[in-house]
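Just so you know, all these numbers are worked out from the coordinates, no wet-lab data involved. Being a predicted model, the structure only gives us computed values, none of them experimental. We place every Cβ from the backbone using ideal geometry, glycine too, and count neighbours over all the protein chains shown.
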Amino acid sequence: MTGLVLNGLAQGRPTSEVQLIFDKYTKNEGVKNAFFRIESSDQSISQDLVYGKFTGGEKVTLRTPFYTASIGKTFTGVAIAQLVEKGKLTFDDLVINHLDSLVNGMLVIDGKDYISDLTLHHLLNHTSGLPDYFEDQPLTGANMMQNIFKEPNRYWKPVELVEFTKANFSGRFKPGEGYHYTDTEYVLLGLIIEKVSGMPLHKYFQENIFGPLSMQLTSMNLRSEPTGKPDFNMAEIYTGSMEISKFRSLSADWAGGSIRSTSQDLNVFLKALLHGALLSEETINKMQLWTPESKGTWYGYGLRKWSLSELDPNLPPLKLIGHSGSTGAFMYYCPELDVYLSGTFNNTDYLQKHIVFLAEVLINISQNSKE
């Protein structure tokens with residue numbers, strides 16, 4: 001990047017190299033729409049990109065919300081942490097003390113139920129040993145991912161998700177003795193938020209996160225509406241070539257990932273979180289007590305960290321802190337470059353590809369910042 005282009009970045013004008021990288025990934029025929037925003041804390045870097053149309057021909061815009069999938073876990077983690085700071089919970093609280101008999105039988109291993117050992121800490125960082133009702137292999141029948149396609153018109157209530165898990169899965173390990181990413185934990189966290197706060201989860205989010213941060217285009221899919229006026233209800237979601245955004249069965253993705261938002265709103269949220277507008281510095285640090293997840297990847301309390309150089313030694317020593325979603329959605333902060341990156345490719349085929357995209361963008365910025 002030349003000095004002239006870098007000056008363009010400083011003034012918030014589009015940057016041709018980042019545009020070209022984005023264009024390369026949206027040329028794939030599976031990508032029907034995509035969104036990307038990158039910005040630095042001081043706004044010396046600021047760029048919005050959007051691509052695609054609805055099946056009816058209407059173009060998506062920067063004000064078109066998209067499904068963020070598991071990025072919702074960060075919001076749920078923040079809600080729990082807020083209630084901890086208010087003295088209504090502790091991270092060491094036993095889950096059974098809040099949900100009583102509802103959770104009995106959820107963590108059975110070799111005939112013994114270890115549910116009484118389960119804490120909020122275990123739920124938040126995926127060390128509970130609970131099965132994943134979404135993608136794990138059930139004892140019989142189909143998991144939830146398969147049921148979403150089998151019964152697209154079914155509306156799932158949170159308690160039904162718990163009962164579905166109890167009826168179809170066994171525990172994987174004793175609490176604290178392993179790591180397994182599972183949406184089941186975040187359903188339980190959502191139920192605890194509702195019980196302790198005395199309000200539905202979508203209302204808690206609106207009153208304690210969306211509203212205070214003026215995230216006017218953000219809401220919970222199938223459960224609430226944004227306070228602002230978005231362009232269209234939600235961008236279309238694809239799994240391969242199948243469009244699924246109107247499936248009522250997406251209600252099965254609740255506290256673990258049912259938020260719809262925009263790139264700008266997601267960056268607002270992540271900046272507010274990491275800069276102390278939602279939680280104290282002490283609590284933010286607790287959310288970043290990392291548990292190893294896989295090569296180059298760690299998990300905290302509703303937050304994930306990637307180390308690019310550990311994923312591939314040819315990559316620069318940069319980190320990403322935030323969360324991804326199964327639809328190719330992402331919301332991350334790179335502390336070394338002080339940039340926030342949010343968006344989606346709205347296709348489940350991009351579950352891994354979006355990280356490669358972000359790595360290319362960060363390499364471009366890192367190299368040119370040295371010139």
Calculate how steeply helix 16-26 sits against the longest principal axis of the alpha-carbon atoms of the chain, using the helix alpha-carbon long axis, and give the answer as 0 to 90 degrees to the nearest 10. 50
Env charge @ Asp117, Cβ radius under 12 Å, K,R +1 / D,E -1, value -1
Cβ density ranking, 10 Å radius, fewest first, applied to Lys305, Lys73 yields Lys305, Lys73
Bins of 10 Å from zero: percent of alpha-carbon pairs in segment 283-370: 17, 51, 29, 3
Given pairs Lys59/Lys203; Lys53/Lys150; Lys73/Lys195; Lys53/Lys246; Lys73/Lys166 and cut-off 23 Å on Cα-Cα distance, the over-length ones are Lys59/Lys203; Lys53/Lys150
For Ala255, the net charge from surrounding residues (Cβ-Cβ under 15 Å; K, R +1; D, E -1) works out to 0
So, in nm, how far is label Phe173 from label Ser309 when the simple model puts each one 7 Å beyond its Cα toward the Cβ? 2.8
Using alpha carbons only, how many degrees (0 to 90, rounded to 10) separate the axis of helix 72-85 from the longest principal axis of the chain? 70
For the chain, evaluate the Debye formula with one uniform point scatterer on each Cα (no solvent term) and list log10 I(q)/I(0) at q = 0.08, 0.12, 0.13 Å⁻¹, rounded to two decimals. -0.39, -0.89, -1.04
Applied in sequence order to segment 103-108, the curve 6.51 cos²θ - 1.76 cosθ + 1.60 (Karplus, θ = phi - 60°) yields integer Hz couplings, x standing for Gly and Pro, of 9, 4, x, 7, 10, 8
Per-residue Cβ contact counts at 10 Å, fewest first, order Asp136, Asp312 as Asp312, Asp136
Under 13 Å from the Val108 label point (7 Å along Cα→beta-carbon), backbone N, segment 115-141: 115, 139-140
Two-decimal ratio, segment 89-202, of alpha-carbon radius of gyration to 2.2 N^0.38 Å: 1.02
Lys73 neighbourhood, Cβ < 10 Å, K/R = +1, D/E = -1, net charge -1
About the Cα centre of the chain, what is the dipole size in debye to 20, counting +1 per Lys and Arg Cβ and -1 per Asp and Glu Cβ, all else neutral? 660
Once the Cα atoms of helix 353-369 and of the chain are each reduced to a long axis, what angle between those two axes, in degrees from 0 to 90 to the nearest 10, is obtained? 40
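Counting other C-beta atoms within 10 Å, which of His121, His323 has the fewest, and how do the rest follow?
His121, His323
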Can you tell me the FRET efficiency between Gln43 and Ala277 if r is taken as the Cβ-Cβ distance and R0 is 25 Å, rounded to the nearest 0.05? 0.90
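As a test of the formula, what do you get for the chain when each DSSP H run with n ≥ 4 contributes -39,500 (n - 2.57) and the sum is divided by the residue count, at 222 nm and rounded to the nearest 500 deg cm²/dmol?
Numbers: 13 runs with 120 residues, N = 371.
So the helix-based figure for the chain works out to -9000 deg cm²/dmol.
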